[in-house]
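Engineer: Okay, here's the structure, questions in a sec.
A short reminder: the numbers here are calculations on the coordinates, not readings from a lab. Because the structure is predicted, anything quoted here is derived from the model rather than measured. Heads up, the Cβs are rebuilt from the backbone with ideal geometry, glycines too, and the neighbour counts pull from every protein chain shown.
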Amino acid sequence: MYSKAEKSKIRKDFWTAFGQYMKPVPSAEGTKVNWPNYKTGVKHLFFKMKAERDFASIGIEFTHTDLELQQLYYEQMEAFKHILHDTLGEEWQWSMHHEDEHGNLISKVEKTLHQVNVMSQNDWPNIISFLKPRIIALDEFWSNMKPAFEEL
């Protein structure tokens, strides 16, 4: 069993390692990017990566508190669903107005890898191998589609 401080340190170490691993990878536009803390540049629209004790996930989250606006962003993303899935090379799960771990209603599009544990360094290569191609593909998708969301 890990203490709260140990869990926090292990998670921090994982994200630091992931960031260092991804550091030489430029964005689709050829610029430097902080991959673990990817900034979409659109308010209330985030690319979220998680590494937990029983799964890792990556997704697009729409967090606007105005549920009609949140739905508008979600539906705009749905309009690009085929482009997104073609860029990713796989289909992801879609969920509108889903309650997050803090009780907030969000909408999201995500992919999850089960049976990995960020607390085990032996699982880190699997988690990184899961996250890396997907965040790069999301960046490629976003470099083309961001203008459609900036106008909302």
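Engineer: Mind checking segment 1-78 for chymotrypsin sites (Phe, Trp or Tyr not before Pro) that DSSP puts in a loop (not H, G, I, E or B) and that have at most 13 other Cβ atoms within 10 Å?
Structural biologist: 2
Engineer: Name the longest site-free stretch of the chain, where the excluded sites are GluC sites (Glu not before Pro) in a DSSP loop with no more than 12 other beta-carbon atoms within 10 Å.
Structural biologist: 30-89
Engineer: Using a Förster radius of 35 Å, what is the FRET efficiency between residue 6 and residue 96 based on their Cβ-Cβ separation? Nearest 0.05, please.
Structural biologist: 0.40
Engineer: Kindly write out, for segment 35-44 in residue order, the coupling ³J(HN,Hα) from the Karplus curve 6.51 cos²θ - 1.76 cosθ + 1.60 (θ = phi - 60°), rounded to whole Hz, with x marking Gly and Pro.
Structural biologist: 4, x, 10, 4, 9, 7, x, 10, 4, 6
Engineer: Suppose every K and R has +1 on its Cβ and every D and E has -1 on its Cβ; what is the size of the dipole of segment 5-145 about the Cα centre, in Debye to the nearest 20?
Structural biologist: Rounded to the nearest 20 debye, it is 700 debye.
Engineer: Still on this model: Under the rule a/c < 1.5 gives rounded, and otherwise a/b versus b/c splits prolate from oblate, where does segment 55-129 land using the Cα gyration tensor?
Structural biologist: Oblate, since a/c reaches 1.5 and b/c is not below a/b.
Engineer: Here is a follow-up. Give me the percent relative contact order of the chain, please, defined on Cα pairs under 8 angstrom at least 6 residues apart.
Structural biologist: This gives 27 percent for the chain.
Engineer: A further question on this structure: Please work out the C-alpha center-to-center distance from segment 1-70 to segment 117-133 and express it in whole Å.
Structural biologist: So the separation of the two Cα centres works out to 13 Å.
Engineer: Neighbouring Cβ atoms within 10 Å as the yardstick, rank 13, 66, 139 fewest first.
Structural biologist: If I rank by nearby Cβ atoms, fewest first, I get 66, 13, 139.
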